[in-house]
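Note sheet for the following structure.
The values are calculated or read from the model by the stated rules, or taken from the named source; none is laboratory data. Not measured: the values here are computed from a predicted model. Note: ideal-geometry Cβ built from the backbone for every residue, glycine included; neighbour counts use all protein chains shown. Keep in mind that these areas ignore ligands, DNA and RNA; they rest on the heavy atoms of the full protein, side chains included. Shrake-Rupley method; radii C 1.70, N 1.55, O 1.52, S 1.80 Å.
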Amino acid sequence: MSTVPPLLTMMNELLSEISVSSTSAQWDTGNRQVIDKLAGWLSSLGFNCEIIPLAEQANKANLIATLGSGPGGLVLSGHTDTVPFNEELWDMNPLSLTEQDNKLFGLGSTDMKGFFPIAIEAAKAFLDQPLKEPLIILATADEESSMDGARELAAQGAPKARFAVIGEPTDLKPIRMHKGMMMNAIKVEGRAGHSSNPSLGNNAMEAMHIVMADLMAFRAELQERYNNPLFKVTVPTLNLGCIHGGDNPNRICGQCELHFDVRALPGMSNADVLNEISQRLKPLATQLKVNISLRSLIKPLAPFEQSADSVLVKAAEQLTGHSAESVAFATEGPLLQQLGMETIVMGPGSIDQAHQPNEYMALNQVQPAVDLLAQLIGRFCL
């Protein structure tokens with residue numbers, strides 16, 4: 001049986017492969033080099049590796065690597081992509097591993113390529129033991145933009161297991177809840193004209209002013225109706241993110257577009273929220289004599305909640321000594337739950353270091369992370 005490189009060598013090799021996912025084509029790249037490298041290592045350890053290209057993006061793929069067989073089992077899941085980066089803002093090469101001040105620096109070190117060598121290291125202890133339930137290492141594409149990798153897996157119904165741990169950076173504390181995410185656009189179409197005579201047109205920007213006020217009123221209503229004290233921000237949020245309209249000070253604005261996001265609490269429905277917004281816009285369009293349209297900018301992600309009394313949550317709390325918490329950031333958790341798995345988010349590193357120059361994982365979290373994953377494998381696969 002072949003051997004894989006040492007843990008930090010694996011991490012360096014993964015960080016060296018660019019795998020940016022972005023809604024902007026100028027930044028977006030594939031992830032196949034990362035997937036192929038992982039598949040090579042895991043195959044050499046005896047895992048059965050299935051590489052599944054994304055339906056409409058041949059340079060992107062998911063990997064399902066399975067050791068053992070049977071019903072049930074444990075999935076250790078991570079995403080292979082990173083956010084875009086500005087190399088000139090880094091104090092070191094973002095595309096390699098730099099060990100300094102007891103920290104492991106590099107793009108994706110904590111979010112979250114660094115999870116895969118840790119998962120592989122934990123799995124190595126079980127290669128000569130017959131597993132009663134399979135161990136699956138899952139690597140996905142495009143989590144940082146569309147989540148299309150996990151969405152396609154959910155649609156295909158694979159992989160199948162009973163439990164899943166997503167190794168996003170949580171300082172090794174179990175997470176069982178996060179908010180959902182929607183990003184939408186409202187477009188107002190009025191009528192342009194010369195600014196010297198307002199009757200010549202119908203100002204789309206002025207109409208949007210009223211639309212925005214209504215959205216803020218709706219936000220206040222949502223925050224009166226929904227509250228969860230287990231979250232740091234206990235209410236659902238609606239953020240007015242950017243606005244574009246008009247072309248010149250002496251022209252009546254003929255068109256205006258607003259982009260906003262909504263982060264719903266567990267128990268709320270994205271579809272219901274969007275429908276409420278749509279119903280509120282209809283009378284405004286009639287009142288203001290403009291066209292108002294609403295569209296999604298991304299596929300919405302449902303809120304995530306795993307029950308506090310689930311077997312996996314209880315096991316993670318026992319092993320870590322930490323009660324399960326909530327986080328503000330979104331993950332692929334709801335999509336893995338669609339596959340029928342009890343799911344938690346728990347991994348090494350801090351989300352505070354993600355998405356910024358000089359991203360790092362604290363070195364003192366690496367071995368505890370290996371040990372924790374090994375304990376989970378022992379509990380759910382042996």
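Identify all residues within region 222-259 that are β-branched (Val, Ile, Thr), more than 17 Å from Asn270 (Cβ to Cβ) and open to solvent by 40 Å² or more (accessible area, probe 1.4 Å); write none if there are none.
Result: Val233, Thr234, Ile243.
Just checking, how many residues over region 18-27 are of a type outside the set (A, V, I, L, M) and either open to solvent by 50 Å² or more (accessible area, probe 1.4 Å) or outside any loop (DSSP other than H, G, I, E, B) (or both)?
3
Give all pairs with beta carbons closer than 6 Å in which a residue from region 58-74 that is within 13 Å of Ala158 (Cα to Cα) meets a residue that is of a type in the set (D, E, K, R) and crowded, with 21+ Cβ neighbours inside 10 Å; count only pairs at least 6 apart in sequence or on separate chains.
Hits for this filter: zero, empty list.
Return the residue satisfying two criteria in turn: it lies in region 334-357 and is polar (S, T, N, Q) and over 17 Å from Ala154 (Cα atoms), and of such residues it is surrounded by the fewest Cβ atoms within 10 Å (Cβ to Cβ).
Once the filter is applied, the top-ranked residue is Gln356.
Listed here are the residues, each with its yes/no results for (1) open to solvent by 10 Å² or more (accessible area, probe 1.4 Å); (2) modelled with pLDDT under 95; (3) farther than 26 Å from Tyr360 by Cβ; (4) under 23 Å from the mean Cα position of the chain (by Cα).
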{"position": "Gly68", "(1), (2), (3), (4)": "yes, no, yes, no"}
{"position": "Met92", "(1), (2), (3), (4)": "yes, no, no, no"}
{"position": "Leu95", "(1), (2), (3), (4)": "yes, no, no, yes"}
{"position": "Thr98", "(1), (2), (3), (4)": "yes, no, no, no"}
{"position": "Lys124", "(1), (2), (3), (4)": "yes, no, no, no"}
{"position": "Lys132", "(1), (2), (3), (4)": "yes, no, yes, no"}
{"position": "Ser146", "(1), (2), (3), (4)": "yes, yes, yes, yes"}
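Filter region 298-333 for residues that are hydrophobic (A, V, I, L, M, F, W, C), modelled with pLDDT of 95 or more, farther than 22 Å from Lys232 by Cα and open to solvent by 20 Å² or more (accessible area, probe 1.4 Å) and give the result.
Result: Val311, Leu319.
If a residue must be under 17 Å from Ser146 (Cα atoms), open to solvent by less than 30 Å² (accessible area, probe 1.4 Å) and assigned to a loop (DSSP other than H, G, I, E, B), how many such residues does region 28-66 contain?
Adding up the residues that qualify gives 2.
Among Arg176, Arg219, Arg162, which is the only one that is in contact (Cβ under 8 Å) with a residue 60 or more places away in the chain, of a type in the set (Lys, Arg) and buried (at least 18 other Cβ atoms within 10 Å of the Cβ)?
Arg176
Is it the case that region 76-86 has a residue that's assigned to a loop (DSSP other than H, G, I, E, B), hydrophobic (A, V, I, L, M, F, W, C) and surrounded by 14 or more Cβ atoms within 10 Å (Cβ to Cβ)?
Taking every residue of region 76-86 in turn, at least one turns out to be assigned to a loop (DSSP other than H, G, I, E, B), hydrophobic (A, V, I, L, M, F, W, C) and surrounded by 14 or more Cβ atoms within 10 Å (Cβ to Cβ).
Considering each residue of region 247-272, count those that are over 18 Å from Asn227 (Cβ atoms), among the hydrophobic types (A, V, I, L, M, F, W, C) and in a loop (DSSP other than H, G, I, E, B), and give that number.
1
Being assigned to a loop (DSSP other than H, G, I, E, B) and of a type outside the set (Lys, Arg) is the filter; apply it to region 275-297 and report the residue that is modelled with the highest pLDDT.
Within region 275-297, the match that is modelled with the highest pLDDT is Val290.
Closer than 30 Å to Asn202 by Cα and not aliphatic (A, V, I, L, M), is that true of Gln318?
no
Scan Glu168, Glu152 and give me the residue that is at pLDDT 95 or above and open to solvent by 10 Å² or more (accessible area, probe 1.4 Å).
From the options Glu168, Glu152, the qualifying one is Glu152.
Can you name the residue in region 134-144 that is of a type outside the set (A, V, I, L, M) and part of a loop (DSSP other than H, G, I, E, B) and, of all such residues, is most open to solvent (accessible area, probe 1.4 Å)?
That would be Glu144.
Filter region 304-327 down to the residues that are assigned to a loop (DSSP other than H, G, I, E, B) and touching a strand residue (DSSP E or B) at 6+ places or on another chain (Cβ under 7 Å), then identify the one that is nearest to Leu258 (Cα to Cα).
My answer is Gln306.
Please determine, by comparing only the residues of region 347-382 that are part of a helix (DSSP H, G or I) and among the charged types (D, E, K, R), which one is nearest to the chain's Cα centre (by Cα).
Asp352
For Met112, which of the numbered conditions (1) open to solvent by 10 Å² or more (accessible area, probe 1.4 Å); (2) in a loop (DSSP other than H, G, I, E, B) fails to hold?
(1)
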